[in-house]
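Shown next, in structure tokens, is the structure this report addresses.
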Protein chains: 4
Amino acid sequence: MSSNLKFGAGIWHFATYVDRYATDGYGPKRSLLEMIDLAGQVDDLSVVDINYPFPGGNVSVAEVKAALTKNNLSVIGITPEIYTRQFSKGAFTNPDPAVRKLAEDLINEAADMVRELGAEYVKLWPGQDGWDYPFQVDHHELWHLSMAGLTNVAKQNPDLKFVVEYKPREPRNHMSYDSMTRTLLALEKINLPNIGVLLDFGHALYGGESPADSAQLAIDYGRLFGMDVNDNLRSWDDDMIAGSVHPIELMEFFYVLRKNNWHGVWQLDQFPFREDCVAAANSAISFLKHIDSALDRMDWDGLKEAQKQQDAVAAINIAREALFGLL
Amino acid sequence: MSSNLKFGAGIWHFATYVDRYATDGYGPKRSLLEMIDLAGQVDDLSVVDINYPFPGGNVSVAEVKAALTKNNLSVIGITPEIYTRQFSKGAFTNPDPAVRKLAEDLINEAADMVRELGAEYVKLWPGQDGWDYPFQVDHHELWHLSMAGLTNVAKQNPDLKFVVEYKPREPRNHMSYDSMTRTLLALEKINLPNIGVLLDFGHALYGGESPADSAQLAIDYGRLFGMDVNDNLRSWDDDMIAGSVHPIELMEFFYVLRKNNWHGVWQLDQFPFREDCVAAANSAISFLKHIDSALDRMDWDGLKEAQKQQDAVAAINIAREALFGLL
Amino acid sequence: MSSNLKFGAGIWHFATYVDRYATDGYGPKRSLLEMIDLAGQVDDLSVVDINYPFPGGNVSVAEVKAALTKNNLSVIGITPEIYTRQFSKGAFTNPDPAVRKLAEDLINEAADMVRELGAEYVKLWPGQDGWDYPFQVDHHELWHLSMAGLTNVAKQNPDLKFVVEYKPREPRNHMSYDSMTRTLLALEKINLPNIGVLLDFGHALYGGESPADSAQLAIDYGRLFGMDVNDNLRSWDDDMIAGSVHPIELMEFFYVLRKNNWHGVWQLDQFPFREDCVAAANSAISFLKHIDSALDRMDWDGLKEAQKQQDAVAAINIAREALFGLL
Amino acid sequence: MSSNLKFGAGIWHFATYVDRYATDGYGPKRSLLEMIDLAGQVDDLSVVDINYPFPGGNVSVAEVKAALTKNNLSVIGITPEIYTRQFSKGAFTNPDPAVRKLAEDLINEAADMVRELGAEYVKLWPGQDGWDYPFQVDHHELWHLSMAGLTNVAKQNPDLKFVVEYKPREPRNHMSYDSMTRTLLALEKINLPNIGVLLDFGHALYGGESPADSAQLAIDYGRLFGMDVNDNLRSWDDDMIAGSVHPIELMEFFYVLRKNNWHGVWQLDQFPFREDCVAAANSAISFLKHIDSALDRMDWDGLKEAQKQQDAVAAINIAREALFGLL
């Protein structure tokens, strides 16, 4: 059980942000090419996930490719922006069928970009699909629209993989794909081989899941197609630097991945609103490497025995020893 | 879409309680017969759910039957106590196979009591099955034990119905059957006709679900075998009087039930630690009747149209008009 | 104890919004004059709180005055935007003294605008003052900067009132002025007569306070200078329509205000991201009037007696009777 | 800034527990003498906090003293049990003046026991003082009773120190002394030198505070009389092993204590429901020592500079380096 790590990041890690208060943004807008150059400055980054349409203004595919090559980066996924103004009342679940069609078209364009850039998957994060108020939606209808939209694009692109990134809420007060188990229920019902889950550590955490447990479950269903990490204070998707708050649960998450011989990219989904984005990425990756080496050091047999007894004290002592270098 | 309500309660509504601080209890212990007599004092209670072994000390089945008859009550479910000391490290998922067998035996005894008392189902609430700490359990193993235990007892009693009551946490920091969607995933995998879900409104609410949405989903899977209501502050299973905090979401929950022609008992799962238990039950039932009449009054066509547009303001106005008598 | 209601709203209720996902906004930008015209369409709105610098592009004071007059509106408060890009690392607590001076200057300009428009107060919401990460700040220093900044502007404008609007978090992961009690601690220490609290119902609620209790406390300290209402799901500042989730606690809040003869404006602080803003305001105000009439109907003597006994069931029954028209 | 650690624990760490489900307890009852013997088995425990009346059945003061001596333990505090059945509707705030007098008497007896055992303080945790439901209490009255009760006992025992341990909730849905800032508001109003705060790390954490910030504030008011540590999942008082979930915030907490030259006992307030209590205490203390040595290793000047800039990445990197031994 050795490791051979490859690190990635959503390209938005290197953007600047707006929110409802700092409407003029936390910094001047950046073009995609600038973001890629920043990504290239991170010590150990190999792949990026890129929004589509390309963020930060017009840029050609050729320019993007050149920037990627220059920075030694390749593309793992394309994320169609199915959560901007036109989709503010939903993409798959928009009450207007014409907008649902727009979402389908945009996803298909993103699929083409996956092919064009040699990426692995289309990432779907339907953040505007859901509801805000009691009584607002017909829950039966909404959920069926959620599944139908996903089914359509997956069937239209059988040569590609799609990953669904669930999240409890934000920007909607409640997202349709809100949890690992709900997403798996959908995938079981849809029953197509080319849809999987992208597990965001922070989304699982603030949704009250144990990310390690969620990873195991997705693996057991053969659906863990991707993952990313960050951290938060358990009540919101704070997208903080990985390991800055929950290092032990982060280690347990990677423990489950290694134990199951899951060999995907370790990606970052962080939003450094007020931080230097390169420094924030380096800080996270350096800690992820520490976790990887802690897993090398850890007493796996001892842990197995402790878990067999469900002995929390023994288990936590073993994990701590490896993670903190305790005697 | 008319209604013909039947009200029920867990018999523990009429018990006294202990917790980790008031270890001497919030009142003197009561026998099951005393609890039944208190239940009989509630204005409109028809059925009760009874723990097994019978709580509050020894009492014969004949005495229980007599007390029920005297109070005009029948039994809807039997809840085996698979969460007391011997099961404090789990029932289905206990690390000790001998304890898992004890749980199976106790559930089978409860099944016999269901037959004996003419109840509808065995209710399973495996509150000690789960984990407390990172690294404590092998999540793959734990989940399979959770499903295996349930499968066994359902197969051994094909003539009976079993209902699983999920809950996010307490007493375990994380329960295995933690949500509607996880429970449905298990039931789909187990694939037996005699296991369903008992949806506790408060458990759904503090787990971040919309209880209305969870009800719809369980109905769509043909698995909503029972329900109970109460209220809480969205961060814990406070088991407060139904409607005392979230009357609008409670109304939406019953709206979904009525819309789907679901005709089960409206049960209470409240813990009146410091309150008069009969008064607390009457307060809840009186409010449930108000909700029922609000659903009679509500503009169903208008709501349908609002939901078609996902128009939150129109929808909430229609619900409010019916619930509060607003013009 | 009669009532004579006056309703108000933050002018941002009539803006369009951006967030970190819908970076192109939930609708086309609106000028302040457009917002005022929308506010004028609400059935019973008398006053507004206006951001400074004026939002939505350049407009003269004369134009603003004319628009207000045309729409029969006056100004209750001016909210200097001490949370935009230049203040993204804090206003009072910015690590750079030059930025702290900018904040002071902006607040003083806002104070002039209060005088110019005949408003009641400068509203201070230092949303970027706080921290995101463990170890990020010197807590002693940060809190003293928080108090010093407030003290300075209040001393420089002794003829005006200042209100501090606390909030647990957002956009910072933790705001310095995070709660009613912390804000009161500061005001007691600062000991100036012209600083009070603006109590936002939703901020109190999702901060784990009882808004009714917080109102009572602020009144007991002579510091409840203003308030606004909205609703949320108790884990975030959702700024939903008032009463759409927590009508009973909203009623208790107004009960405490009436009981203490507090006669300020009932203001809205809602963010209708995807809703018609006029309809959302009308929906809220119509419900606030219902609450007001429920307080007329309520059995005050009965409630007083129930509270004397801390009898939750009797108290909740009395409140429900008035609010829902239960018999 | 060196350290010279002394460890302590609430004696209840070595008890067995009941809750509302495992009403027969998580293990057989233990006498106080047995608990003291278990405490004596922990590697580095010097002091204990003991409930009064003595838990687990009758035992004489002489026997307690002998057991303490045998186990090399002394007593830091006495915790009167003002939260058992007779106080289930409150101690200081009970609606019945006779029960309030009982609470006062019990606290005075506990004060005598402090003198008798040479302890440092009476610890007051009024866990039943508060409310459960909207409208249940007169908030003005409740808060004044909370302060009056505390004032009385502190005035009656001017030779002794009293510490108040605040907590957001449990067993009440809302406790009167719910936060650091509310407790400090009370202490400022009461204005007696012999009342301070006992800061429980976990209570601060799940109340949405930063424990480090709360410690700094209490120190700045001269009121940090004691502290204890544990861990939780940020939504409840789980009383887990210290550092098992939030090691970084735990380190920041001790950083603030050391920085301010605060030299009290490092106490544990853990509830090992299903764990070996001696192993749980050893696990925590071993980690606390690791934190202490991490503080020795940490780059204090670098951190000071990072905090001056509020540079989160630099600060978190410095803390991590010391805590995890990262390069």
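Inspect all residues belonging to the range C:294-301 and state whether any of them is assigned to a helix (DSSP H, G or I), facing another protein chain (nearest Cβ under 7 Å) and at pLDDT 95 or above.
no
Of the residues D:ILE291, D:ILE316, which single one is of a type outside the set (Gly, Ala, Ser), closer than 19 Å to C:GLU141 by Cα and either open to solvent by less than 30 Å² (accessible area, probe 1.4 Å) or facing another protein chain (nearest Cβ under 7 Å) (or both)?
Result of the check over D:ILE291, D:ILE316: D:ILE316.
Scanning the range A:1-14 for residues that are touching a strand residue (DSSP E or B) at 6+ places or on another chain (Cβ under 9 Å) and not aromatic (Phe, Trp, Tyr), which turns out surrounded by the most Cβ atoms within 10 Å (Cβ to Cβ)?
Among them, the one singled out is A:ALA9.
Can you tell me which residue is farthest from the other protein chains (Cβ to nearest Cβ) among those in the range B:302-313 that are assigned to a loop (DSSP other than H, G, I, E, B) and surrounded by 21 or more Cβ atoms within 10 Å (Cβ to Cβ)?
Ranking the qualifying residues of the range B:302-313, first place goes to B:ASP311.
With respect to C:GLU120, determine if the residue is among the acidic types (Asp, Glu) and within 22 Å of the chain's Cα centre (by Cα).
Criteria met by C:GLU120.
Does A:ASP220 satisfy being open to solvent by 40 Å² or more (accessible area, probe 1.4 Å), at the interface with another protein chain (Cβ under 9 Å from one of its Cβ atoms), within 27 Å of A:ASN194 (Cα to Cα) and free of Cβ contacts under 8 Å to residues at least 60 places away in the same chain?
yes
Answer yes or no: is there a residue in the range B:280-288 that is within 14 Å of chain A (Cβ to nearest Cβ) and either within 24 Å of B:LEU198 (Cβ to Cβ) or aromatic (Phe, Trp, Tyr) (or both).
Scanning the range B:280-288 turns up no residue that is within 14 Å of chain A (Cβ to nearest Cβ) and either within 24 Å of B:LEU198 (Cβ to Cβ) or aromatic (Phe, Trp, Tyr) (or both).
Considering only the range D:17-45, state which residues are open to solvent by 40 Å² or more (accessible area, probe 1.4 Å) and in a loop (DSSP other than H, G, I, E, B).
Of everything in the range D:17-45, those that are open to solvent by 40 Å² or more (accessible area, probe 1.4 Å) and in a loop (DSSP other than H, G, I, E, B) turn out to be D:THR23, D:ASP24, D:PRO28, D:LYS29, D:ARG30, D:ASP43, D:ASP44.
Just checking, which of B:LEU124, B:LEU117 is in contact (Cβ under 8 Å) with a residue 60 or more places away in the chain and over 28 Å from D:ASP276 (Cα atoms)?
B:LEU117
Looking at this structure, is D:VAL42 closer than 30 Å to B:PRO126 by Cα, within 22 Å of the chain's Cα centre (by Cα) and either facing another protein chain (nearest Cβ under 9 Å) or of a type outside the set (Lys, Arg) (or both)?
So D:VAL42 does not fit the description; no.
Consider D:ASP228 carefully, then state whether it is closer than 20 Å to D:LEU124 by Cα and buried (at least 24 other Cβ atoms within 10 Å of the Cβ).
Taking the combined requirement at face value, the residue satisfies it.
Kindly provide the set of residues from the range C:56-94 that are more than 14 Å from every other protein chain (Cβ to nearest Cβ), without any contact (Cβ under 8 Å) to a residue 60 or more places away in the chain and small (Gly, Ala, Ser), ordered by number.
Passing the criteria: C:SER60, C:ALA62, C:ALA66, C:ALA67, C:SER74.
Assess whether B:SER235 counts as being open to solvent by less than 20 Å² (accessible area, probe 1.4 Å) and in contact with a Lys or Arg (Cβ under 9 Å, 6 or more places away or on another chain).
The answer is no for B:SER235.
Condition first: open to solvent by 20 Å² or more (accessible area, probe 1.4 Å) and either touching a Phe, Trp or Tyr at 6+ places or on another chain (Cβ under 6 Å) or away from chain D (no Cβ under 13 Å) (or both). Now tell me which residues in the range C:247-260 satisfy that.
Selection gives C:ARG258 alone.
For the range D:195-217, name all the residues that are among the aromatic types (Phe, Trp, Tyr) and open to solvent by 20 Å² or more (accessible area, probe 1.4 Å).
Hit for the range D:195-217 is D:TYR206, nothing else.
More than 21 Å from D:LEU124 (Cα to Cα), touching an Asp or Glu at 6+ places or on another chain (Cβ under 7 Å), among the hydroxyl-bearing types (Ser, Thr, Tyr) and within 13 Å of another protein chain (Cβ to nearest Cβ): is that true of D:SER244 in this structure?
Yes.
Among the residues of the range A:46-71, count how many are small (Gly, Ala, Ser), assigned to a loop (DSSP other than H, G, I, E, B) and closer than 21 Å to A:CYS277 by Cβ.
The number of residues fulfilling the criteria is 3.
Taking the stated definitions as given, is D:VAL163 in a strand (DSSP E or B) and within 30 Å of D:PHE273 (Cβ to Cβ)?
yes
Of everything in the range D:46-59 that's within 19 Å of D:ALA284 (Cα to Cα) and crowded, with 22+ Cβ neighbours inside 10 Å, which residue is nearest to the chain's Cα centre (by Cα)?
Looking at the filtered set, the residue picked out is D:ASP49.
The values are calculated or read from the model by the stated rules, or taken from the named source; none is laboratory data. Keep in mind it's a predicted model, so treat the numbers as computed, not measured. All Cβ positions, glycine included, derive from the backbone under ideal geometry; neighbour counts span all protein chains shown. The accessibility values were calculated without ligands, DNA or RNA, using every heavy atom of the protein model including side chains. Shrake-Rupley method; radii C 1.70, N 1.55, O 1.52, S 1.80 Å.
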